[in-house]
Amino acid sequence: MKLDKNELMAIKTAIDKADTILLIPHKSPDGDTIGSAFGLYNAFIEMGKKPTVACVDEPAPVFTFIPGIETIKIGIDHIDYDLIIIVDAGAVHLTGVHELYPTLFDKSREVVNIDHHPTNDLYGKYNVVVSTAASTTMIIYQMLVDLNLPLSRSVSTCLLTGIYTDTGSFMHSNTDAKTLQIAARLLARGANLRGISKEIFNTTKISTMRLWGRVLKNTYRTSEGVTMSVVTQKDFNECGAAYDEMSGVVDYVNAVPDSLYSVILTERQGVVKGSLRTLNDEVDVSAIASDYGGGGHTKAAGFTVKGRLEKEVRWKVIDC
Ligand SMILES: [Mn+2]
């Protein structure tokens, strides 16, 4: 992976000058954005800087093993930091702070945008966006190597978490030789792969089991060859499940052979979220998601629209 040398040097200067550094993961944080933020957090701690990770949403309890996670601030009460780094957020609204702090995105401030979403609109003063990277943590790995910054065991565990989750434990089509090569280098540096797989993939709460049961039971195939499922607010309530417990179930729905693509519609508090996946080489689900104001990657994308789910003969989205 080749990163732009001039951009990297400018970021290195900004890091050297900075004492306090704010790291912002995207809202509804996943393993890649958490791994990215805490990978940098641990590297900066080792460099004697004063980093803070602040996110508008609380991370799921599965991330308790991430070194430093106990320091995370929920909500952002000020942006008075020497340097601000936003990780794995393809668009400004995904940070959840764009309305509160619009100056973050007008390039007047020291803001670094590190991301791998092809739809990223380069909102930072400095931008490191590599859409061929399977995870944002892969880009951060390359940055730390190129800039000769710390890559300790803690940093490596954080970075491997992002690769592991964004590739669906190396099963998604974004897994290539480079992905495995970087994963191997992180393992060699002591990354805790066993811990990651145990905490993230082999830990399923009873409420999650029940919720996934509903999703699997509701799965059907449309006449167009799309595999669909739905889950309503009522399902969440009855299963005692939180929204983040949906994470991962779309891969089961996507496993139906010969699907054009798969989509799960999730109803939550006045909005309907669509999660799209495909194993079909011909299909770009980010284009379908963008028809509904969303975006993402060619093989994994999503959107959110206002409304609720109502059952007629088939499920469809109804305006509120
Ligand atoms: Mn990611």
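The values are calculated or read from the model by the stated rules, or taken from the named source; none is laboratory data. Here the structure is a predicted model, which is why all the values come from computation and not from measurement. Here Cβ is always computed from backbone atoms with ideal geometry, including for glycine, and neighbour counts include all displayed protein chains. Just so you know, the surface numbers come from the protein's heavy atoms only, side chains and all, with ligands and any DNA or RNA stripped out. Shrake-Rupley method; radii C 1.70, N 1.55, O 1.52, S 1.80 Å.
Structure summary
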{"item": "Enumeration of residues in segment 125-138 that are within 16 Å of the ligand (Cβ to nearest atom) and in contact with a strand residue (DSSP E or B) (Cβ under 7 Å, 6 or more places away or on another chain)", "result": "Asn127, Val128, Val129, Thr136"}
{"item": "Matching residues in segment 215-228 - criterion: being over 24 Å from the mean Cα position of the chain (by Cα) and open to solvent by 50 Å² or more (accessible area, probe 1.4 Å)", "result": "Lys217, Tyr220, Arg221, Ser223, Glu224"}
{"item": "Single residue of Leu159, Leu144, Leu187 found to be more than 16 Å from the ligand (Cβ to nearest atom), modelled with pLDDT of 95 or more and within 23 Å of Ala14 (Cα to Cα)", "result": "Leu144"}
{"item": "Given (1) within 20 Å of the chain's Cα centre (by Cα); (2) more than 16 Å from the ligand (Cβ to nearest atom); (3) at negative phi, number of the condition Arg109 does not satisfy", "result": "(1)"}
{"item": "Selection from segment 8-34 of residues that are of a type in the set (Ser, Thr, Tyr) and either assigned to a helix (DSSP H, G or I) or within 16 Å of the ligand (Cβ to nearest atom) (or both)", "result": "Thr13, Ser28, Thr33"}
{"item": "Subset tally (residues that are in a helix (DSSP H, G or I) and closer than 15 Å to Ser197 by Cα) for segment 56-70", "result": "5"}
{"item": "Helices (runs of 4 or more DSSP H) (entirely within segment 231-320) containing at least 1 residues that are at pLDDT below 90", "result": "250-253"}
{"item": "Residue in segment 64-78 that is under 15 Å from Ile15 (Cα atoms), out of contact with any Cys (no Cβ under 6 Å at 6 or more places or on another chain) and open to solvent by less than 50 Å² (accessible area, probe 1.4 Å) present", "result": "no"}
